[in-house]
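For reference, the structure is listed below as structure tokens.
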Amino acid sequence: MDYRCETRGDRFLVSISGVLTFDDHEKFRQVVAEIADCAPATVELSLATTRMIDSAGIGMLLLANDKAGRCGKSLRLSGVTGHVAKVIELSKIDQLIPVD
Amino acid sequence: MGGDPQSSTSRCVDDDAVILVVDDLRSSRLLIGSVLNAAGFTNLLFASDGIEAVERLESEPVDMILLDIVMPRMDGFEVCRQARGRLGLNIPILIQSGLQDADQRASAFDAGASDIVSKPIHAHELVSRVRLHLERRRMIDSLQTYQRRMEDELRAAESMQVSLLKSDADVAAIAQPRGAALTTFYQASNQLGGDLWQVFEIDASRFGLFMVDLSGHGVAAAINAFRVHMLAEARRRDRGDPGKWLAALNDDLCQMLSIGHFATAFYGVVDVAGGRLDYAAAGAPPPILLEAGGEWRPLDGSGLILGCREGVTYDTHSARLAVGDHVLLYSDALYENFDVPEESLEPHDMAALAREVLTSATGADFHQALINRVFADEMAQRRDDLTLMLLEVTGDV
């Protein structure tokens, strides 16, 4: 997994690329820290270039969402396609995190 | 550079490492012995040539070898090769060599030396290298001891996890009188995992199938699987109503699991006499119903994952079951390919594979045959637990 962060107007965009799995736990901590530290109140987590996600990866999204909420920010997921879209559809996490 | 052995001895404590000093010159043995003694190494053994050195290594435990190269009968290179090869020793071996002889120094490493100490002996360097390599060896030993202990504990935990699962005979005793044949397969990944299956008697004609996968891997997932097992065993109410039962389990798990942890699950109630399978799911891989007539369809595995939000309701779905139908339940390890995401299997792939495998293997043999068919390298360590359940509607009661 790799990630890139940028502030675009009034939202903070985090793009996750590659495969998001159990092995990315440490790296994803940095993503969560970036979300906590960013200035905008809206955070968009783009999964457009995320090819695959496992259950630990879903757990990380839930952690990021929890952190954003605690910091008074709202998190959204965007660009879900392919395997990621299937996992989200199956797990219904759109009931927990808004998906564009 | 200071060559005074006192500068080393002044900050040392006695070290009980057994060091074998091999040198054909008595004066060299005495010099090395006195340098090491002064540095606090008192367990010294001496050998005056290679043959004697090998005999010593064969007869008593040694923590380190200090080895001369040129000796009568057997040289240092050969001692080194025998120590590494035939004797299988991984202790540090320091070879004495002149600084100017580059070829000889390279050959020493080829023969298996850990390091080289310059000859003539430089007391401070010798003691520093001896300490360095003993320290390194001790660190490796302690890491290996720790790793072995962890592996033992993980194996013990894994066998406890496996012991939660019902035996084939217990499963058959529930399914067979209710008109079904049910077989299961569980294989833990190299780490502990969080997969779990259970089978419950409900009444004279129905039984429940439960399959759950706790998120993540390792000890935390396994402990959570233990807790889910206890919760599921204890929750006898509403076992005949999958939606209600799963909703109650979800509420329990919301209390139990920390943020970011969750479970996916499938719970089905098999009613052969009534010709139906009622079920509810929470983000489970869609089970596959292979109809006797040749058609197939995926069951609906979707539903909010367990342990994230209290008060969620789960729909109870219903599928018709007829004699000769099969239902395959599986964990995500069967179809997800994280190395080559594009090669992950789709439900229709699995339906086709299961159908193909069923022509040659049924019952308990089905699972291994399906695994062999799906995974090219059956010895490869899977990154996740693999659980399979195959239900066959026999209708024989």
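Taking a ≥ b ≥ c as the square roots of the eigenvalues of the Cα gyration tensor, region B:72-183 is classed as prolate, since a/c reaches at least 1.5 and a/b is larger than b/c.
The residues of the protein assembly as shown expose on average 45 square angstrom of accessible surface per residue, using a 1.4 Å probe on protein heavy atoms.
When a 1.4 Å probe is rolled over the protein heavy atoms, the share of accessible surface on the protein assembly as shown that falls to carbon and sulfur comes to 50 percent. Principal axis extents of the C-alpha atoms in region B:246-338 (largest first, rounded to whole Å): 45, 35, 13. Normalised by 2.2 N^0.38 Å, with N the number of residues, the alpha-carbon radius of gyration of region B:28-82 equals 1.13. Put a plus charge on the Cβ of each Lys and Arg, a minus charge on the Cβ of each Asp and Glu, and nothing anywhere else: the dipole of the protein assembly as shown about its Cα centre is then about 960 debye. With the gyration tensor restricted to C-alpha atoms of region B:5-143, the semi-axes of the equivalent ellipsoid amount to 21, 17, 15 Å, longest first.
Expressed to the nearest 5 percent, the antiparallel share of DSSP beta bridges inside region B:5-143 is 0 percent. Note that region B:64-81 has calculated 3J(HN,Hα) couplings of 7, 10, 10, 10, 7, 8, 8, 8, x, 6, 8, 7, x, 4, 5, 4, 4, 4 Hz, one per residue in order, obtained from phi through the Karplus relation 6.51 cos²θ - 1.76 cosθ + 1.60 (θ = phi - 60°); glycine and proline are x.
Summary of the geometry: region B:25-50 and region B:318-362, compared by the centres of their Cα atoms, lie 69 Å apart.
Once you reduce region B:169-197 and region A:34-71 to the center of their Cα atoms, the two points are 36 Å from each other. Mind grabbing the base-10 log of I(q)/I(0) for region B:252-397 at q = 0.11, 0.16 Å⁻¹? Debye formula, identical points on the C-alpha positions, no solvent, two decimal places. These q points yield log10 I(q)/I(0) values of -0.47, -0.94.
Shielding value for A:56-63 is 5, the average number of Cβ atoms from other chains within 10 Å of each residue's Cβ. Put +1 on the Cβ of each Lys and Arg and -1 on the Cβ of each Asp and Glu in region B:165-393; which of B:PRO177, B:HIS367, B:PRO285 then has its Cα farthest toward the positive end of the dipole? Highest projection toward the positive end goes to B:PRO177. Using Cβ point charges alone (K and R +1, D and E -1), the dipole size of chain A about the Cα centre works out to roughly 140 debye. Which angle from 0 to 90°, rounded to the nearest 10, does the C-alpha axis of helix B:218-234 make with the longest principal axis of chain B? For B:218-234 against chain B, the angle is about 30 degrees.
Checking the cross-link pairs A:LYS67/A:LYS92; A:LYS92/B:LYS166; A:LYS27/A:LYS67 against a 22 Å limit on the alpha carbon distance flags A:LYS92/B:LYS166 as lying beyond it. Values of log10 I(q)/I(0) for region A:2-95 across q = 0.17, 0.19, 0.21 Å⁻¹ run -0.66, -0.83, -1.03, by the Debye formula with one identical scatterer at each alpha carbon and no solvent. Computed from protein heavy atoms with a 1.4 Å probe, the total accessible area buried between B and A is close to 2000 Å².
Here the protein assembly as shown carries DSSP beta bridges of which approximately 65% are antiparallel, counting only pairs with both residues inside.
Counting only the Cα atoms, chain B fills a convex hull of 209 Å³ per residue. Only sites in a loop by DSSP and with at most 16 other Cβ atoms within 10 Å count here; which trypsin sites (Lys or Arg not before Pro) in region B:31-116 make the cut? The qualifying sites are B:ARG73, B:ARG86.
Across region B:43-52, computed HN-Hα scalar couplings (Karplus, 6.51 cos²θ - 1.76 cosθ + 1.60, θ = phi - 60°) run 8, 9, 10, 10, 9, 9, 6, x, 4, 4 Hz from first to last residue, x flagging Gly and Pro.
Contact-buried residues of region B:256-277, at a threshold of 40 Å² lost accessible area versus the chain by itself: B:ILE259, B:GLY260, B:PHE262 (1.4 Å probe; DNA, RNA and ligands ignored).
Computed packing ranks the peptides B:308-316, B:231-239 as B:308-316, B:231-239, most packed first, by mean other Cβ atoms within 10 Å. Per residue of peptide B:299-305, the mean number of Cβ atoms on other chains within 10 Å of the residue Cβ is 4.
Relative to the longest principal axis of chain B, what angle (0 to 90°, nearest 10) does the C-alpha long axis of helix B:123-164 take? So the helix axis and the longest Cα principal axis differ by about 20 degrees. Dipole magnitude for chain B: computed about the Cα centre from +1 point charges on Lys and Arg Cβ and -1 point charges on Asp and Glu Cβ, it is near 760 debye. Most mobile of B:GLN147, B:GLN82, B:GLN198 per a Gaussian network model of chain B (Cα springs, under 10 Å)? Looking only at B:GLN147, B:GLN82, B:GLN198, the largest GNM fluctuation is found for B:GLN82. Our analysis of the protein assembly as shown gives Rg over Rh at 1.17, with the two radii drawn from alpha carbon positions and Rh computed by the Kirkwood formula. What share of the DSSP beta bridges in chain A is antiparallel, in percent to the nearest 5? In chain A, approximately 30 percent of DSSP beta bridges are antiparallel ones.
The values are calculated or read from the model by the stated rules, or taken from the named source; none is laboratory data. These numbers come from a predicted model, not from an experiment. Here Cβ is always computed from backbone atoms with ideal geometry, including for glycine, and neighbour counts include all displayed protein chains. Ligands, DNA and RNA are excluded from the accessible area calculation, which covers all protein heavy atoms including side chains. Shrake-Rupley method; radii C 1.70, N 1.55, O 1.52, S 1.80 Å.
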